[in-house]
Amino acid sequence: MYESYWSKIGNKCDITFNGDNSLSYFANGKRLCWFLESKLEEQIKRLHNVVGNAIVDDHYIIVGTGSSQLMQAALYALSPADQLEPISVVSATPFYSAYPEVTNFVRSGLHKWAGDARTFQKNGPYIEFITSPNNPDGVIREPVVNGDQGKLIYDLAYYWPQYTAITSPANHDVMLFTISKCTGHAGSRIGWALVKDKEVARKMTKFMEISTIGVSKEAQLRAAKILEVISDSCLDPKMENFFEYSRSLMTDRWKRLRQVVMANAIFVLQKYPLQYCLFTKDFYESHPAFAWLICNGGEEEDCEKLLKEHKIHTRSGSRFGSESRNVRISMLSRDEDFNIFLKRLMAIQGPTNGN
């Protein structure tokens, strides 16, 4: 979806690398995250301050190969090393479908997926993922487990003004962000964590060191340039504001999708309240990156199968710990693909129009 904006930007994001650039593993050997490029650190701080969606001044910044690697690093850093059994990892349903796999993939003795945070009742330490806005349903989330030994990881990949109102700057112990959902540059594989505790930040850095010996400098420097251009677009009236442009696209897409769904008795969409956005200075209804579509056929309805029969690719709610009558649909495809999706969805006939 973001290609249209970046194609208009032209060469503002161009960056040149010479053969003798970035040869060392190190960016700054004296910094805790020794592979973090100073230019990227500067632009991460600048963008968060411009948007107002996170407190950065009292946090360490850890860069990762996307937020997926940072999830693993955070799990490693927050898991007690002296536990007799793996610490439980939970998230409220519907949860991001990658959490169970990321937690259990290497069968670590440090942590183990324990499912829905709403039904978790085990005593002792635990780790809870809080995705806000939530993937897949776009709902603003708070911690669910009422325990005094919990360690919280806030996945804020979608806490940007094109998706939701910025109601306050997030200020948590561990916060994860990714350039893919902020700017659309998923292929650059850059994410970052804002971490309050020095020891947790040190352990996360150690995880990155062992797994990949840092993060590509070329990717970091390209990401720094992209973030710089976005901040500039918010401050320079001569430039088209990236977030206003993206918000306009998301608003239009959600409006068109709701029109199609309202005309068809088969489907239901999640609704979102109006909230005041500190960045845009107005009231704003969330327009998430994914649509959480519900089939009206009852709990046994397989919505993914139904839509697949009409050549619409979705991800079943069962992948998110929910029911198969729910599906997640991306709202971030190219314009032509989104138009095809709406056309095919419109062609599915329900009981009210004779089928």
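A few comments on the model shown:
- Of all residues in segment 65-101, those being surrounded by 18 or more Cβ atoms within 10 Å (Cβ to Cβ) and within 22 Å of Glu199 (Cβ to Cβ) number 16.
- Test: residue in segment 78-88 that is outside any strand (DSSP E or B), farther than 20 Å from Ala219 by Cα and touching a residue at least 60 places away in the same chain (Cβ under 8 Å): yes
- Residue within segment 248-267 that is outside any helix (DSSP H, G or I), over 18 Å from Lys45 (Cβ atoms) and acidic (Asp, Glu) present: no
- Subset of segment 111-124 (residues that are open to solvent by 10 Å² or more (accessible area, probe 1.4 Å) and either modelled with pLDDT of 95 or more or touching a helix residue (DSSP H, G or I) at 6+ places or on another chain (Cβ under 6 Å) (or both)): His111, Lys112, Trp113, Ala114, Gly115, Asp116, Arg118, Thr119, Phe120
- Residue identified as at pLDDT 95 or above and more than 20 Å from Asn135 (Cα to Cα) among Leu345, Leu306, Leu293: Leu345
- Flag if Tyr272 is of a type in the set (Phe, Trp, Tyr), open to solvent by 20 Å² or more (accessible area, probe 1.4 Å) and outside any helix (DSSP H, G or I): yes
- Of all residues in segment 22-56 being charged (D, E, K, R) and in contact (Cβ under 8 Å) with a residue 12 or more places away in the chain, the one that is most open to solvent (accessible area, probe 1.4 Å): Lys39
The values are calculated or read from the model by the stated rules, or taken from the named source; none is laboratory data. Keep in mind that this is a model prediction, so the values were computed, not measured. Methodologically, a virtual Cβ is constructed for each residue, glycine included, from the backbone with ideal geometry; neighbour enumeration extends over all protein chains shown. Side chains included, ligands, DNA and RNA excluded: accessible areas come from the protein's heavy atoms. Shrake-Rupley method; radii C 1.70, N 1.55, O 1.52, S 1.80 Å.
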